1. Using only the Cα atoms, work out Rg/Rh for segment 4-184, with Rh taken as the Kirkwood radius, to two decimals.
2. Given contacts defined as C-alpha pairs under 8 Å and at least six residues apart, what's the relative contact order of the chain, whole-number percent?
3. With only alpha-carbon atoms in the gyration tensor, what are the semi-axes of the equivalent ellipsoid for the chain, in Å, largest first?
4. Would you work out the relative contact order for segment 173-328, in percent, from Cα pairs under 8 angstrom that are 6 or more residues apart?
5. Within the set of other residues whose C-beta is less than 13 Å from the C-beta of Ser272, count the net charge using Lys and Arg as +1 and Asp and Glu as -1.
6. For segment 1-46, with equal point scatterers placed on the C-alpha atoms only and solvent neglected, what are the log10 I(q)/I(0) values from the Debye formula at q = 0.16, 0.28, 0.30 1/Å, to two decimals?
7. Expected output is a single nm value to one decimal: the length gained when fully extending between Lys285 and Thr168, i.e. 0.36 nm times separation in residues minus the C-alpha distance. What is it?
8. May I ask you to evaluate 6.51 cos²θ - 1.76 cosθ + 1.60, the Karplus curve with θ = phi - 60°, for each residue of segment 174-186 and list the ³J(HN,Hα) values in order in whole Hz, giving x for glycine and proline?
Amino acid sequence: MANVLAFAESRGGELRKVALEAVTAARALADAEGGEVHALLMGAPGIAAKAEQLGRHGADVVLVVEHPALANHSAEVAAATAAARAREGAYGAVVFSASAQGKDLAPRVAAKLGVPMAADVLSLEGAPGSVSVTHPGYASKVTRTLTLSAKPAILSLRPGAFTPAAVTKAGRVETLAPAMDPASARVVVKEMVQGRSGKPDLGDAPVIVSGGRGLRAAENFRLVEELADAFGNAAVGCTRAVADDGWRPQSDQIGQTGRTVSPDLYVAVGISGAIQHLAGMRTAKTIVAINRDKEAPIFKVADYGIVGDALEVVPALTAAVREAKQGH
Ligand SMILES: Cc1cc2nc3c(=O)[nH]c(=O)nc-3n(C[C@H](O)[C@H](O)[C@H](O)COP(=O)(O)OP(=O)(O)OC[C@H]3O[C@@H](n4cnc5c(N)ncnc54)[C@H](O)[C@@H]3O)c2cc1C
């Protein structure tokens, strides 16, 4: 694998976790052939301050594009700039996240360059002259292995499928101009409005409190919300059973056909631990399970387990977390 270009996604002037995931995956590809990782970082003036963080996660070079009109994501400008850089840099691969931004960008870049792309990549392996990836097919019923031999291979990574790793590299900063005038973009994002919950996104949250059918009724999700609020930095997730029943929005679903997450802490409340759910959360650093059935499969992956009724255990846990937080 030659040098690899990674798109470092940001929002509101902050790097997103998927940016570190992209750089980590790019590092693995580049290392297969002793190549370099170049991270493309775009945003409003000041975004360059985030370059150091990319260097700490394996970027040899950070290509910084600053422009006042890039405070919000601009697919046209980002795609034109990424494609122009990919052409000049003769990269072996260009790595995006399969986040909302990345889904918008990666196909545009592939089309501009006339090269193939693999979407929603779960794992990858670099070899001289090619890259092999796995990604889901047929509504996640199968996992396909693809080998891309065109250069560059355009990849979008499933958020959460790659755990950011600290690998300190130079993180040398180079300034780049946008490949088109942002003022001439045909679509301009005027404003970004935070979702109703005010909670962090599932992909970025260090803590996720997730609920399943064991909560018995939609209104009992209030207990999960309260525990998430007590942590302060937690998002709320759910199982497919719960999303299918309309207790929670589909966007909260974690698992094979939902989001893949890898937070520092995952609290599974009333979740049996079906293989399809585990597929989306088993890489969490610490898993705590609350289930009244001590034989529930979730306990096989849990670091800590509480056997009991969620309706009693969760309020007690919430009180304990609040107390612990007050003590600090
Ligand atoms: C193709 C396919 C894709 C799928 N994709 C996904 C996916 O992406 N994500 C996903 O989650 N699922 C997915 N599923 C569904 C999956 O197989 C399970 O059906 C689902 O995860 C079960 O959800 P659950 O754990 O909430 O419910 P259940 O399996 O019904 O488990 C409820 C758990 O709650 C416990 N419980 C009950 N009462 C209490 C109480 N009072 N206190 C504490 N514990 C209690 C029970 O002991 C049980 O373990 C998929 C299935 C298929 C076929």
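1. On the way: Rg = 14.9 Å, Rh = 15.8 Å.
Checking Rg against Rh, the ratio lands at 0.94.
2. On the way: 791 pairs, mean separation 48.7, N = 328.
Once normalised by length, the contact order is 15 percent.
3. Values: eigenvalues 274, 94, 63 Å².
Value: 37, 22, 18 Å, ordered largest first.
4. Values: 281 pairs, mean separation 31.8, N = 156.
Relative contact order, segment 173-328: 20 percent.
5. Details: positive: Arg213, Arg240, Arg292, Lys294, Lys300; negative: Asp293, Glu295.
Overall, the nearby charge balance is +3.
6. -0.42, -0.90, -0.98
7. Details: separation 117, 0.36 × 117 = 42.12 nm, distance 2.13 nm.
Extra length from Lys285 to Thr168 when fully extended: 40.0 nm.
8. 10, 8, 10, 8, x, 6, 9, 6, x, 5, 9, 5, 7
Each value in this text was obtained by applying a stated rule to the coordinates, not by laboratory testing. Nothing here was measured: the structure is a model prediction, and the numbers come from that model. Positions of Cβ are generated from backbone atoms using ideal geometry, with glycine treated the same way; all protein chains shown enter the neighbour counts.
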